[in-house]
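Derivation of every value follows stated rules applied to the coordinates shown; laboratory data play no part. Small disclaimer: the values here were computed from a predicted structure and weren't measured. Neighbour counts run over all protein chains shown; Cβ positions are idealised from the backbone, glycine included.
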Amino acid sequence: MVNKYNKTVRLISVIWGVFCLIGFTSAVYSAKPAPVVSITLPIDGSEIDIGEIIAVVVAFGPDETGKQNVKMIRLEIDGVLHDTYANPANIKEGTCQFTVDTGILGIGEHTLKATAIMAQEGTGHESSSTIRITVVQPTPDNILKKLENNYSKIQDISATITDTSQVGNSPSKTTIRDMVMKSPDKMKITSPDVTIITDGDKTTIKEPGQEPVTLSALDYTVETTPSQMDYFYHLKEFMEKHRVEVVSNEGKGVYILEAYPVTEEKLYSKLRIKVNTQDKVELYNEIYDETGKLMYRKETLDYNTTGGVIIPTRYQETTYFETGNIINTA
């Protein structure tokens, strides 16, 4: 009888011990919840022009106990593994970045899923963040809007410009000019031989020993037509005055556009504009006369970022004449 009792107590103890072990294991396991993860860029629901190279930024952190770090971040696009990021063991939280070429994705909606995996893998030790983006065919308005968003941030500027000018095969001439600009349409350029003041739709040219000459918008030469060709500060008005087409998509956010004036007063027959939407900068613009002949070209040679704004720092202007071209480099 005693032996039977002892066996019963022993059996109950074993069963109770198993239940306690299971309970303890579950408690330990549940004390290690999933990590923190979030896709911060691009924004969920974003529309992105095809051909752009985008950065997918993922923020991550340890589980809420802070005892386990993220081991790996995995990025999937439309259910297919795109890339992985191995997190250093000593980094508890931070961000990582993946590069995605939308030209490969194709036009349409796409799902981006980032999964953070803890050092100890298994159910409950990983979590995911999912967003959707739509890759679209770029429109002229969207392309130029990226330029406007950058250039319109360039407000009040003062600079000293070293200008090298050459007419035909003649020796080059270097001129130092001071420029002061107040957006959107006020500018003053001062050099030893001329002062040019632009104020809205009027430009005044002052040369030493001569009376100032004031030009209205319709009198402007190709170098002084900011209001009619202003897609940096007055994009809406520019689009109303022109029929704009995308004529080339060179990939990686580089496009060539052509703009044809639709107003009665036409100073040119066509503008040709090359844009880098990744860097939000104009690479060149060209002006063609009424016969379709190239009159003027301005090319950006270099640019840098200052205070979050991309500013051209070197450019070259060429004005084309039958007797020879004038080339200015600044």
For this session: Would you calculate the separation in nanometres between label points at Thr139 and Val36, each defined as 7 Å from the Cα along the Cα-to-beta-carbon direction?
Result: 3.9
For this session: Between beta-carbons, use under 15 Å as the cut-off and find the net charge around Gly251, counting Lys and Arg +1, Asp and Glu -1.
Result: -3
Problem set entry | Spin-label pair Gln278/Glu207, simplified geometry with 7 Å Cα→Cβ offset, distance in nm | 4.5
Exercise. Relative to the present Cα-Cα distance, how much length would full extension add between Thr84 and Leu215 at 0.36 nm per residue of separation?
Worked result: 41.1 nm
Problem set entry | Those aspartates and glutamates that a straight Cα-Cα span of less than 13 Å connects to Lys71, excepting residues fewer than 8 apart in one chain | Asp63, Glu93, Glu121, Glu126
Exercise. Too long at a 18 Å Cα-Cα cut-off: which of Lys145/Lys280; Lys202/Lys293; Lys188/Lys280?
Worked result: Lys202/Lys293; Lys188/Lys280
Exercise. Using only the Cα atoms, what convex hull volume per residue in Å³ does region 36-136 have?
Worked result: 85
Problem set entry | Around Ser165: net Lys/Arg minus Asp/Glu count, Cβ-Cβ under 10 Å | -1
Seminar exercise, completed: Per-residue Cβ contact counts at 10 Å, fewest first, order Tyr255, Tyr315 as Tyr315, Tyr255
For this session: Measure off 7 Å from each Cα along the Cα-to-Cβ vector at Val262 and Lys293, then give the distance between these two points in nanometres to one decimal.
Result: 2.9
